[in-house]
Every structure is written in structure tokens, then in C-alpha cells.
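Asker: After the C-alpha cells below, expect a handful of questions from me.
Just so it is clear, none of the values below were taken in a lab; they were calculated from the coordinates. None of the values given here were measured: they were computed from a predicted structure. When we count neighbours, we look across all protein chains shown, and the Cβ atoms used for this are built from the backbone with ideal geometry, even at glycine.
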């Protein structure tokens with residue numbers, strides 16, 4: 001009962017919103033065909049599973065199919081790159097992970113992540129942590145750090161890709177603690193978990209898609225990266241508790257091609273905001289310790305500008321920027 005009450009309370013502010021004014025012009029004509037929603041990670045992972053619930057909710061509201069298309073790789077930036085060739089008619093949308101804002105600092109590109117995307121809606125963020133196999137000798141974070149210091153370059157950990165938030169955060173941790181780690185990138189959580197469970201890795205830095213494997217006794221969580229401990233893992237310390245002033249949630253949302261009409265952006269925002277507030281989507285996020293983090297178009301655009309500046313400082317600090 002408590003869980004149902006929580007989910008109902010989380011969804012209530014969205015359900016109670018007044019119905020928006022009837023759309024006009026291009027917004028009224030949208031959608032005239034199926035809507036493609038590109039996501040940055042492979043099928044079967046937490047992002048895929050939760051975004052498919054969101055797409056299904058939006059499809060029902062629109063009477064038109066929202067088709068999820070997985071585009072994993074390149075640190076989660078492929079959907080945003082694909083927007084650069086799409087028409088701004090609202091029929092091509094993309095998940096915008098935090099890695100998009102690092103792209104110009106690490107790779108030569110011809111477009112601007114702030115100016116060349118129409119920011120529509122902030123959706124949620126991840127809950128991250130570090131996990132090891134349950135039979136690992138690295139019983140705690142203290143053991144992890146001590147083993148890494150005693151064996152430079154030999155502690156292998158996987159992430160969901162080069163320059164993703166798990167990778168950069170682990171590099172930040174390593175730099176602060178004087179560790180040399182062996183990073184092995186994957187395209188998404190599903191492949192990463194298979195390799196960790198199969199013994200190809202010593203540890204993984206990931207979102208809480210690892211939770212079912214922890215529940216089954218196959219993995220153990222050493223630390224989490226939020227502001228506070230996760231309800232699902234109340235005995236696991238945060239990085240802040242371990243003496244590292246780092247909080248990482250990696251918020252993401254929905255974007256479209258540059259040049260979308262404001263009325264169309266508002267129409268898509270309203271549809272997907274109601275869809276994200278439905279109880280089944282709130283519950284899907286809760287399985288991975290994710291919370292709703294709604295941002296309207298103006299707030300999401302400001303977030304993009306601020307994050308773009310902040311990510312440059314992190315990339316420069318870690319020495320991972322592209323050669324000048």
C-alpha cells in the first residue's frame with residue numbers, strides 16, 4: 001500500500017495540471033505520421049525499458065505510434081548527432097544524455113549542442129554506483145581503493161562508454177585518490193552486466209540497472225553517487241560519505257532538431273510531460289531508483305547552457321579534451 005500511495009503521490013502533480021490550450025498551425029497537425037524517438041543506449045537496459053513506457057504512454061495520448069529506435073555507442077551522443085539531419089517537424093525526437101554537452105570538447109564536430117538542438121523536456125536522471133561480483137575480495141570501497149593503489153593499472157572496471165558520466169566520474173575519483181584504473185567501455189548496461197557477471201571485469205560503474213543482480217546475490221554495491229543514500233541500498237555509503245565531494249545524477253531529457261516552432265515544442269512538451277507523470281512510468285523509473293526531474297523548454301535550455309560550461313571544466317581537469 002505504501003508503494004502505491006507513493007506512486008500515486010508522485011504522479012498526482014502531473015495529472016492535476018490544467019489541459020493546455022488547443023494547438024494551432026504546425027502544432028495542430030502534429031503528429032501526422034509515426035514519431036521516431038531515438039535513445040542513446042541498447043535494448044534491454046534501464047534507459048530503454050523506461051523510455052519505452054514513456055513512448056507507449058505518449059502513443060496512447062496521441063493516437064499515433066511513437067517508435068523507439070536504439071542508437072547506442074559514441075558515449076550516448078548518436079541520437080543528438082542524428083537530429084542535425086532531421087526535419088524540425090516534431091516527427092524525430094531524441095534522448096539527450098549529459099555526454100552530448102562534452103562532445104565539442106573531446107571531438108571535432110560542426111554543430112553546437114546548445115544552439116543546434118530544440119530542448120523540449122527534462123525527464124529524469126540516473127542513480128549510479130560501483131558494483132563488484134558478490135564473491136570478489138573487494139568487500140568494501142576501502143578494499144577497492146587499497147587494491148587499486150597496490151596494483152596500478154590492474155583493477156579493471158567497465159562503464160557504459162568512453163566519456164559517459166560513469167567513465168568521467170570514475171576518472172575524477174581516480175585522479176582525486178591517486179589511482180590508476182583499467183577502463184573498459186561498453187555500449188550499454190546490458191552488455192556491461194554480462195561481462196561483469198561472466199568474470200571479464202573486476203568492477204562496473206553504472207546506473208542501478210545492476211539492482212536485480214544485487215537482489216539475486218550475484219553482485220555487491222560498494223558505493224553510490226547521489227546526494228543521499230538510495231532507499232534500495234540503505235547500507236551503502238555515498239561518495240560524499242567516503243570523503244569524495246562528488247554527486248553525479250546525469251540528468252537527461254527530450255530534444256528535437258534545431259528550428260522547431262515554439263508552439264510545436266510546447267505541444268510535444270505537454271504530451272510527454274503528461275506521459276511521464278503517469279503511474280506506470282513513475283513506477284518504471286522507481287525500479288532503477290530514478291525520480292522525475294521535469295524541466296520545461298526554457299528551463300531545459302538553461303540547463304543545457306549551464307551544463308555545457310560545467311562539462312568543459314571537468315574535461316579540462318581530467319585532461320581528456322581533444323588535441324588543439
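Asker: Can you give the Kirkwood hydrodynamic radius for region 128-224, in Å, rounded to one decimal and based on Cα pairs? Mind dumping the intermediate values first?
Answerer: Numbers: mean 1/r = 0.0769 Å⁻¹.
Its Kirkwood hydrodynamic radius stands at 13.0 Å.
Asker: I would also like to ask the following. Give me the percent of Cα-Cα pairs in region 80-121 that sit more than 18 Å apart, rounded to a whole number. If you can, show how the numbers build up before the last one.
Answerer: Numbers: 183 of 861 pairs.
Value for region 80-121 (Cα pairs over 18 Å): 21 percent.
Asker: Something else now. Please give the contour-minus-distance gain from residue 146 to residue 29: 0.36 nm per residue of separation, less the Cα-Cα distance, rounded to one decimal in nm. Could the numbers behind the result be given before it?
Answerer: Working: separation 117, 0.36 × 117 = 42.12 nm, distance 6.05 nm.
Fully extending the segment from residue 146 to residue 29 adds 36.1 nm.
Asker: Same structure again: Label residue 306 and residue 134 with points 7 Å out from Cα along Cα→Cβ: what is the distance between them in nm?
Answerer: Those two pseudo-labels are separated by 4.1 nm.
Asker: Label residue 280 and residue 49 with points 7 Å out from Cα along Cα→Cβ: what is the distance between them in nm?
Answerer: Inter-label distance under the simple model: 1.6 nm.
Asker: If you take the beta carbon distance between residue 110 and residue 317 as r and set R0 to 22 Å, what does 1/(1 + (r/R0)^6) give as a FRET efficiency, to the nearest 0.05?
Answerer: Details: r = 26 Å, r/R0 = 1.18.
That gives a FRET efficiency of 0.25.
Asker: Would you list 320, 54, 264 from fewest to most Cβ contacts within 10 Å?
Answerer: Details: 320 16, 54 25, 264 22.
Taking fewest neighbouring Cβ atoms as first place, the list is 320, 264, 54.
Asker: Please arrange 293, 170 by how many other C-beta atoms lie within 10 Å of their C-beta, fewest to most. Don't skip to the answer; put the middle values down first.
Answerer: Numbers: 293 16, 170 24.
With the fewest neighbours first, 293, 170 line up as 293, 170.
Asker: Sticking with this one: Which shape class applies to region 42-143: rounded if a/c is under 1.5, otherwise prolate when a/b exceeds b/c and oblate if not, where a ≥ b ≥ c are the square roots of the Cα gyration tensor eigenvalues?
Answerer: Details: a/c = 2.79, a/b = 1.44, b/c = 1.93.
It comes out oblate by the Cα gyration axes.
Asker: For the Cα atoms of the chain, what angle does the longest principal axis make with the long axis of helix 165-177, in degrees from 0 to 90, nearest 10?
Answerer: Approximately 30 degrees, to the nearest ten.
Asker: Based on DSSP, what percent of beta bridges with both residues in region 128-224 are antiparallel, to the nearest 5? Write down the numbers at each step before the final one.
Answerer: Numbers: 9 of 15 bridges.
Percent antiparallel among DSSP bridges in region 128-224 is about 60.
Asker: Between helix 141-150 and the chain, what is the angle of the helix's C-alpha long axis to the longest principal axis, kept within 0 to 90° and rounded to the nearest 10?
Answerer: 60
Asker: When 141, 111, 225 are ordered from fewest to most other Cβ atoms inside 10 Å of their Cβ, what list results? Could the numbers behind the result be given before it?
Answerer: Values: 141 21, 111 15, 225 26.
Taking fewest neighbouring Cβ atoms as first place, the list is 111, 141, 225.
Asker: Over region 29-88, consider all pairs of different Cα atoms and compute the Kirkwood hydrodynamic radius from their mean reciprocal separation; express it in Å, one decimal. Write down the numbers at each step before the final one.
Answerer: Working: mean 1/r = 0.0820 Å⁻¹.
The Cα-based Kirkwood calculation yields 12.2 Å.
Asker: Contour minus end-to-end for residue 227 and residue 299, with contour as 0.36 nm per residue of separation and end-to-end as the Cα-Cα distance? Please report the intermediate quantities before stating the final value.
Answerer: On the way: separation 72, 0.36 × 72 = 25.92 nm, distance 2.16 nm.
Stretched fully, the residue 227-residue 299 segment lengthens by 23.8 nm.
Asker: For the chain, compute Rh as the Kirkwood radius over C-alpha pairs and then the Stokes-Einstein diffusion coefficient at 4 °C and 1.567 mPa s; write the answer in µm²/s, rounded to an integer.
Answerer: Numbers: Rh = 20.4 Å.
Taking Rh from Cα pairs, D becomes 64 µm²/s.
Asker: Another question, if that's okay. On a 0 to 90 degree scale, rounded to 10, what angle separates helix 297-318 from the longest Cα axis of the chain?
Answerer: The angle comes out near 30 degrees.
Asker: Sorted by average packing, counted as other Cβ atoms within 10 angstrom per residue and highest first, what order do 151-157, 127-133 take?
Answerer: Working: 151-157: 15.6, 127-133: 24.9.
For the peptides 151-157, 127-133, the packing ranking is 127-133, 151-157.
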